[in-house]
1. Listed residues A87, A162, A157, A151; which is farther than 23 Å from G42 by Cα and aliphatic (A, V, I, L, M)?
2. If N75 passes every condition in (1) more than 16 Å from ligand 1 (Cβ to nearest atom); (2) touching a strand residue (DSSP E or B) at 6+ places or on another chain (Cβ under 8 Å) but one, which one does it miss?
3. I'm told V127 meets every condition in (1) over 18 Å from V158 (Cα atoms); (2) away from ligand 2 (no atom under 16 Å from the Cβ); (3) in contact with a Phe, Trp or Tyr (Cβ under 7 Å, 6 or more places away or on another chain); (4) not polar (S, T, N, Q) except one. Can you identify the failing condition by its number?
4. Within the stretch 26-45, restricting attention to residues that are in contact with a Ser or Thr (Cβ under 7 Å, 6 or more places away or on another chain) and closer than 19 Å to H150 by Cβ, which residue is farthest from ligand 3 (Cβ to nearest atom)?
5. Quick check on my filter: what residues within the stretch 69-87 are assigned to a helix (DSSP H, G or I), touching a residue at least 24 places away in the same chain (Cβ under 8 Å) and within 15 Å of ligand 3 (Cβ to nearest atom)?
6. Given (1) at pLDDT 95 or above; (2) away from ligand 3 (no atom under 16 Å from the Cβ), identify the lone condition not met by D107.
7. Across the stretch 125-164, what is the total count of residues that are under 18 Å from H58 (Cα atoms), in contact with a strand residue (DSSP E or B) (Cβ under 7 Å, 6 or more places away or on another chain) and not in a loop (DSSP other than H, G, I, E, B)?
8. Please go through the stretch 27-54 and pick out each residue that is away from ligand 2 (no atom under 16 Å from the Cβ), buried (at least 17 other Cβ atoms within 10 Å of the Cβ) and either of a type in the set (A, V, I, L, M) or not in a loop (DSSP other than H, G, I, E, B) (or both).
Amino acid sequence: MLLLMCSLSLAQNAVIGEIAPDFTLQDSNDDPTTLSSFYNIGPIVVFFYPNDATKICHKEILAFRNLTDELEKYNTTIIGISSNSVAEHNDTVVNNDIKYKLLTDFDNKVRKQWKVPRSLLFFPGRVTYILDKEGVVRYIHKDLLDGPGHADFALTAVKLIAKE
Ligand SMILES: *[C@@H]1O[C@H](CO)[C@@H](O)[C@H](O)[C@H]1NC(C)=O
Ligand SMILES: *[C@@H]1O[C@H](CO)[C@@H](O)[C@H](O)[C@H]1NC(C)=O
Ligand SMILES: *[C@@H]1O[C@H](CO)[C@@H](O)[C@H](O)[C@H]1NC(C)=O
């Protein structure tokens, strides 16, 4: 019984081979956005990053922008998540011509729910999850310092999923 309870509680965070926990967060237009509404379209890339304003995050956001068309060939949904406000995300989206969603996880609720690993013990981690179209976590990429590497990793993973 105890073991069963442990495995049930483990399944609530984001682990490879399990459906990622669903969530609803506000996008940069202040509209609620629910992860499961993107099921059955194509792979879903969810990237958690610390803050719109830091240099590495900014590069990561632009790298995903640069690969948006390529990822869309595989019907991929791209979702970036940080604790920035709706207004801050709106500025980022408007000023950089971002076509994908940036969501506001203001109190880090989803970051905690997914148990996104921290970087160097105390920084909010820069972690990208690639889900298949059923919402199952298939690949996880952690790298604090190389922002653009996350977009490259995501494209590679999406291509692997497409080949299955
Ligand atoms: C986003 O920014 C644009 C341009 O500055 C502004 O017109 C719009 O009201 C903003 N939307 C939100 C939800 O903040
Ligand atoms: C995105 O593309 C622009 C224009 O081609 C390029 O100047 C920039 O270095 C690219 N940025 C990243 C992070 O890949
Ligand atoms: C993308 O979705 C369209 C419309 O459902 C479908 O026709 C197409 O085959 C899909 N492409 C890929 C690569 O899955």
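The values are calculated or read from the model by the stated rules, or taken from the named source; none is laboratory data. Because the structure is predicted, anything quoted here is derived from the model rather than measured. Heads up, the Cβs are rebuilt from the backbone with ideal geometry, glycines too, and the neighbour counts pull from every protein chain shown.
1. Working: A162 fails: farther than 23 Å from G42 by Cα; A157 fails: farther than 23 Å from G42 by Cα; A151 fails: farther than 23 Å from G42 by Cα.
Result: A87 is the single residue among A87, A162, A157, A151 that is farther than 23 Å from G42 by Cα and aliphatic (A, V, I, L, M).
2. Of the numbered conditions (1) more than 16 Å from ligand 1 (Cβ to nearest atom); (2) touching a strand residue (DSSP E or B) at 6+ places or on another chain (Cβ under 8 Å), the odd one out for N75 is (2).
3. That leaves (1) as the condition not met.
4. As a first pass, look at the stretch 26-45 and keep what is in contact with a Ser or Thr (Cβ under 7 Å, 6 or more places away or on another chain): 26-27, 32-34, 38, 41-45.
Remaining after also requiring closer than 19 Å to H150 by Cβ: 38, 42-45.
Values: F38: 13, G42: 6, P43: 9, I44: 13, V45: 15 Å.
Step by step, filter the stretch 26-45, then rank; the result is V45.
5. In the first step, residues of the stretch 69-87 are kept if they are assigned to a helix (DSSP H, G or I); the result is 69-72, 86-87.
Those still in the list that are touching a residue at least 24 places away in the same chain (Cβ under 8 Å) too: 70-71, 86.
Of everything in the stretch 69-87, those that are assigned to a helix (DSSP H, G or I), touching a residue at least 24 places away in the same chain (Cβ under 8 Å) and within 15 Å of ligand 3 (Cβ to nearest atom) turn out to be E70, L71.
6. (1)
7. Taking the stretch 125-164 first, the residues under 18 Å from H58 (Cα atoms) are 125-128, 141-154.
Cutting the leftovers down to in contact with a strand residue (DSSP E or B) (Cβ under 7 Å, 6 or more places away or on another chain) gives us 125-128, 141-142, 144, 150, 153-154.
If we keep only those that are not in a loop (DSSP other than H, G, I, E, B) too, we end up with 127-128, 141-142, 150, 153-154.
Count: 7.
8. Selection gives T33, L35, F38, I44, V46, F48.
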